[in-house]
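The values are calculated or read from the model by the stated rules, or taken from the named source; none is laboratory data. As the structure is a computational prediction, the values presented were derived from the model and not from experiment. Cβ sites come from the backbone with ideal geometry, for glycine too, and all protein chains shown count toward neighbours. Note: accessible area is taken over every heavy atom of the protein model, side chains too, but ligands, DNA and RNA are not part of it. Shrake-Rupley method; radii C 1.70, N 1.55, O 1.52, S 1.80 Å.
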Amino acid sequence: GPFDGLLGFSQGAALAAMVCALRARGDPRFPVAFAVLVAGFASRAPAHGHFYREPIALPTLHVVGDTDAVIAAPASRELARCFVEPAVLAHPGGHFIPAAAEQKKAYLEFLERFRPGRGQ
């Protein structure tokens, strides 16, 4: 580090969401300002339930594949609902990080909010 934000894909997105919860609670080990969670999901492990009990107040972009056969779109949308004002980018594809022009524009618009001198 230092790191400005997190990018997590699939299981990495599930872990990154838990790190976001710790950050939102003030944990000084994770001084990140945002996260991009692609094909994420909330952990079903009983020991992880505490991460989702309170809304997570950290800016996030959730990338959801409408035809994802590994992490179904409803699971990714459920994770997004754990956050305060999440941005959601849906794409027609499956379990991958989409990189078409439309998605790139959405990534850049989200990330622009965190550019130095932009207020966050």
- State whether the residues of the stretch 79-101 include one that is among the small types (Gly, Ala, Ser), part of a loop (DSSP other than H, G, I, E, B), more than 14 Å from Ala13 (Cα to Cα) and open to solvent by 30 Å² or more (accessible area, probe 1.4 Å). yes
- Note on the structure: Scanning the stretch 25-81 residue by residue, those under 29 Å from Pro2 (Cβ atoms), in contact with an Asp or Glu (Cβ under 8 Å, 6 or more places away or on another chain) and small (Gly, Ala, Ser) turn out to be Ala33, Ala39, Ala42, Ser76
- With respect to Val32, determine if the residue is outside any loop (DSSP other than H, G, I, E, B) and of a type in the set (Val, Ile, Thr). no
